[in-house]
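K.L.:
This structure is in structure tokens; I'll ask about it shortly.
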Amino acid sequence: MDPNTIVSSETGTPNRVKRIFSGSAWGILAKVLDALAKFVTIPMLVGFYGKADYGLIALAFSLNAYLRLMDLGFNVGAVRYFSMWTAASEWDKIGKVSRSSIVFYGVVGLLNAIIFLFMSAYGPQLFNLTAAQEPLYRQIMYILAFSTVLNWLSSVVIQLLSAKDELGYVNRVTVLSSILNFVVALLAIQLRWPLIPYFIAYTLTTLIPIPFYIARLRVFPLSRTALLLPRWDGSAFREILNYSLAIFLMGLFQLTANNLRPLLLGKFADGMEVLTDYRVIQTIAMLIVAFGGVFMQVLLPSSAKAYAEGNQQRIERMIFEATKYISIFLVFIVFVLILNADEILRLYMGAGYSKLSLWLSLWLLTVLLSMHNTPVASLVLSTGKTRFLVYSSAIACVVSLPITIVFAPSLQVGAAVVGYLVYMVLQIGFFYIYYIPKVLKLDGFRLFTRAFLPAAFGGVLTLFISRYVLHLLPVAGGYGMVIAGSAIFGILYMLYLLIFVVRPVDIRYLTDTLMGKGRGNA
């Protein structure tokens, strides 16, 4: 979200503020619920369909995610311009661009369908499929080819609703879709559906929200025909496209580095089983992203407001505090999971998966490294000075992807994790070397050593002490071990924070920021 939009909303009407808050709250719930649904259903589906065949679904998800690059950054640009035109009541322009967008996304959807059909024909040459998996793989590609056009077209409707501050409604429907995904997984196992009927049912649950989105377009003073009937208007569409291409260039290499790794595993590692391993540890790591996002959404609006006002002193404090508290929160969750990684994987998926604990731990540390920098990254994007970010993303992507290819035969899923770590270290390095000191005019050394490092050092220290204490206790494995380890870590980490990191004045500041008491800093 553009920071200026956040600022203006704070001074707008109460109804607008209420809608924005509702959208944020439901968005948080939708992300957390979706992550938890995947966390619960993946081990059940792997146990039912088998590790190799479920790897086909993981491959399909990864391929579908990577093809979202064909959006060309248009989603961000469309929401920005639709919002501006809505505020100015330029309904005619909205109608022209919306109808043009239907044409654009229709073409993109058809291109996606062609790619899936191509992949269905040449899958055996591209990936390590067994003879029994080939027909299943082809049917999955056919299903994706059918659904992708509708999914792309629905992007226009979501963009329009976002511009009208209807994100609360959009995210409520998303919550419904997540619940249906969970129900479909339970039914597939209970009724013993084959893999393809399950994938069809899952795909349909992703399409169910579309009619609800279209019905909500009644909030516009234009008819749905005036918004959605395909009609190309190049001059109106070009304004958004020019802006969107800049966003696309920024995200191209990041999405490539993230979403191409599982596809490379499918090509260069041994069999589809490795993609199931990847999906398992990815799901656990994404839980951290979901919960970390909750904390960020509370603190970042104040940071954006400080930047929009041009108050450098306020910017420094907000960046420092946001980084500090996000780091504290994420360090706690990440190191609790690392402490219990073996037991969690064994309880979650079975004894054979505990070997993934090393790669899960490394991935969690990489997520921690990347997310502590989110306040800085958000402000960098708000400056508009993104050309060097494109260069840094390109360099990090080009360097990290060959690592996955080279080490896939020997490290298997670990090759993707190591490649992601290298990508993120390079990216964070560019931020601390260039963007923080030169663009934001902040002290990167102080930010890292005083906002992030104290929390991270405490997590490492508490991890080793907790493991030592657990070895002394007569606690059997299983849930008792996880509960005991988490409790010991939590108590020790809290004591460390109160003694070395968080001062009484910090607690008062955090209370003001989160609860809205006193003047705070917002």
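The values are calculated or read from the model by the stated rules, or taken from the named source; none is laboratory data. A quick note: this is a predicted structure, and the numbers were derived from the prediction, not measured. Glycine also receives a Cβ, built like all others from the backbone with ideal geometry; neighbour counts cover every protein chain displayed. These area figures cover heavy atoms from the full protein model, side chains too; ligands, DNA and RNA do not enter into them. Shrake-Rupley method; radii C 1.70, N 1.55, O 1.52, S 1.80 Å.
K.L.:
Find out how many positive minus negative residues lie around T276, taking Lys and Arg as positive, Asp and Glu as negative, among other residues whose Cβ is under 10 Å from that of T276.
P.N.:
Once positives and negatives cancel, what remains is -1.
K.L.:
Something else now. If a/c stays under 1.5 just call it rounded; otherwise compare a/b with b/c (prolate if a/b is bigger, oblate if not). Do that for segment 131-271, with a ≥ b ≥ c from the square roots of the Cα gyration tensor eigenvalues.
P.N.:
oblate
K.L.:
If you don't mind, another one. If S177, S410 are ordered by their accessible area, calculated over protein heavy atoms with a 1.4 Å probe, which sequence runs from highest to lowest?
P.N.:
Ranked list, largest accessible area first: S410, S177.
K.L.:
Something else about it: Note the full-extension length gain between F212 and I189 as 0.36 nm times their separation in residues minus their Cα-Cα distance, in nm to one decimal. Write down the numbers at each step before the final one.
P.N.:
Working: separation 23, 0.36 × 23 = 8.28 nm, distance 2.83 nm.
Full-extension gain reported as 5.4 nm.
K.L.:
Let me ask another. Not counting ligands, DNA or RNA, and with a 1.4 Å probe, what is E239's accessible surface area in Å² rounded to the nearest 10?
P.N.:
Rounded to the nearest 10, the figure is 80 Å².
K.L.:
Quick one: length gained pulling E134 to Q312 fully straight, 0.36 nm per residue minus the C-alpha distance?
P.N.:
58.2 nm
K.L.:
While we're on this one: Under the classification rounded if a/c is under 1.5, otherwise prolate if a/b is larger than b/c and oblate if not, where does segment 28-166 fall, given a ≥ b ≥ c as square roots of the Cα gyration tensor eigenvalues?
P.N.:
oblate
K.L.:
Could you please state how large a percent of the accessible area of segment 408-462 is carbon and sulfur, counting protein chains only and using a 1.4 Å probe?
P.N.:
73 percent
K.L.:
Across the Cα atoms of segment 360-507, what radius of gyration and what greatest pairwise Cα-Cα distance (Dmax) are found, in Å?
P.N.:
19.1, 57
K.L.:
Taking the highest mean first, how do the peptides 461-473, 353-365 order by number of other beta carbon atoms within 10 angstrom per residue?
P.N.:
So the order, starting with the most tightly packed, is 353-365, 461-473.
K.L.:
Taking the Cα centre of each part, how many Å lie between segment 439-486 and segment 35-108?
P.N.:
36 Å
K.L.:
Quick one: dipole size for segment 315-370, taken about the Cα centre, charges +1 on Lys/Arg Cβ and -1 on Asp/Glu Cβ, in debye to the nearest 20.
P.N.:
Values: 4 positive and 4 negative charges, 15 e Å.
Around 80 debye, computed over segment 315-370.
K.L.:
Report M371's accessible area, 1.4 Å probe, all protein chains in place, as a number in Å² to the nearest 10.
P.N.:
My reading of the accessible area for M371 is about 10 Å².
K.L.:
Still on this structure: For the residue pair I465 and F388, what label-to-label distance in nm results when each label sits 7 Å from Cα along the Cα-to-beta-carbon direction?
P.N.:
4.0 nm
K.L.:
Continuing with the same structure: Order D443, D53, most accessible first, counting only protein heavy atoms with a 1.4 angstrom probe.
P.N.:
Solvent-accessible surface, decreasing: D443, D53.
K.L.:
List the trypsin sites (Lys or Arg not before Pro) within segment 142-205 that fall in a DSSP loop (any state other than H, G, I, E or B) and whose Cβ has at most 10 other Cβ atoms within 10 Å.
P.N.:
Details: sites: K164, R172, R192; in loops: K164, R192.
Passing both the DSSP loop test and the Cβ count: R192.
K.L.:
Which order do peptides 275-286, 478-489 fall in by mean Cβ count within 10 Å, highest first?
P.N.:
Details: 275-286: 23.6, 478-489: 16.3.
Top of the packing list down: 275-286, 478-489.
K.L.:
So, taking all protein chains as they sit and a 1.4 Å probe, how much accessible area belongs to I433, in Å² rounded to tens?
P.N.:
Looks like 130 Å² after rounding.
K.L.:
Give the shape of segment 408-491 as rounded, prolate or oblate, defined through the alpha-carbon gyration tensor: a ≥ b ≥ c are the square roots of its eigenvalues, a/c under 1.5 means rounded, and otherwise the shape is prolate if a/b is larger than b/c and oblate if not.
P.N.:
oblate
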